[in-house]
Amino acid sequence: MSQLTTTQPASVTELEVMANHIVKSGLFGLRKTEEAVALMLVAQAEGRHPGTVAAEYHIIQGRPALKADAILARFQSAGGKVEWSEYTDECVAGTFSHPAGGSLKVDWDMNRAKAAGLGTKDNWKKYPRQMLRARVISDGVRGVYPAVLQGFYTPEEVQDFAPSTSTPAPAPAPAIVPAPAKKAKKVEPEPEVIEIKAEEVKPNEIVVVESNIVADATWIVDLEPVLGQNEDAVNAFLATKGQIDAGKTWRDLADNEYRKRIIANPAGFVGAATGGKK
């Protein structure tokens with residue numbers, strides 16, 4: 001493979017090789033080579049190295065999404081500034097400013113999220129502050145300096161575009177009228193509505209599967225800066241605890257109490273994995 005430079009774009013063959021490595025690594029949530037190549041072409045068209053897509057993009061329900069941290073980093077690199085005035089699970093607010101777009105204060109709170117029909121979704125219940133922050137970043141940057149976004153949305157926004165995957169309540173059984181001079185028919189009880197878990201979903205049930213991918217993507221993005229810096233030690237520690245199989249990474253953790261404890265105290269977990277104290 002020829003050496004890539006800022007003036008020499010990569011060929012499709014070179015992009016496919018890089019994309020295969022990214023997908024096989026399982027580190028960045030990209031599951032198809034074609035998706036990775038498509039994002040690399042976008043990055044290359046923007047004058048950036050195609051390898052940056054792994055750290056900056058998600059594919060959510062077949063749509064590319066630019067991570068909130070990547071949006072904010074691009075905004076600040078372009079001369080933008082943000083001052084956070086509130087940062088809690090109930091409300092996130094910040095003032096965004098840029099020489100080309102002025103200043104704008106943006107806030108999102110849970111009351112607004114609930115009014116928009118978002119507050120009842122799983123990710124909004126589990127990670128309210130992160131979801132509010134992503135909305136504030138997207139709105140603030142789009143309002144002050146939209147050139148950074150170039151039409152992309154955050155993974156949190158793309159997730160919320162999806163229709164609800166909740167199972168509708170079964171319709172009531174029609175009344176059975178007995179025929180004249182005959183014994184009334186016995187009304188059979190309605191079938192029990194069973195909630196389908198992710199591991200039970202069949203391959204053709206795309207909506208349910210992709211909804212679970214979105215939930216996983218959010219916690220992986222949040223923990224990447226902490227756990228990703230100690231990759232080998234973290235993976236080895238989880239393997240000894242029987243939480244992941246050989247060849248897997250912390251991103252393959254099942255949604256259980258162990259993962260919840262890591263999310264609640266990632267720094268303490270890294271300390272334990274690297275031989276420090278929690």
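Coordinate-derived values only; no laboratory data. All of these numbers come straight from a predicted model, not from anything done at the bench. Using ideal geometry, Cβ is built from the backbone for each residue, glycine included, and neighbour counts are taken over all protein chains shown.
Points worth noting:
- Counting neighbouring beta carbons within 10 Å and listing from fewest to most, the residues VAL17, VAL234 come out as VAL17, VAL234.
- Global dimensions of the stretch 214-273 from alpha-carbon coordinates: Rg and Dmax equal 10.3, 28 Å.
- Remark: for residue pairs LYS32/LYS126; LYS81/LYS125; LYS81/LYS126; LYS24/LYS121; LYS125/LYS248; LYS32/LYS248, the C-alpha separation exceeds 22 Å in LYS32/LYS126; LYS81/LYS125; LYS81/LYS126; LYS24/LYS121; LYS125/LYS248.
- Percent of Cα pairs exceeding the 15 Å cut-off, where the set is the stretch 70-161: 56
- One chain, two ends: GLU16 and LYS248. Fully extended at 0.36 nm per residue, the span grows by 81.2 nm beyond their Cα-Cα distance.
- Inter-label distance, nm, simple model (7 Å from Cα along the C-beta direction), ARG31/LYS81: 4.3
- Taking 0.36 nm per residue of separation and subtracting the current Cα-Cα distance, fully stretching the chain between ALA115 and ASN265 would add 50.9 nm.
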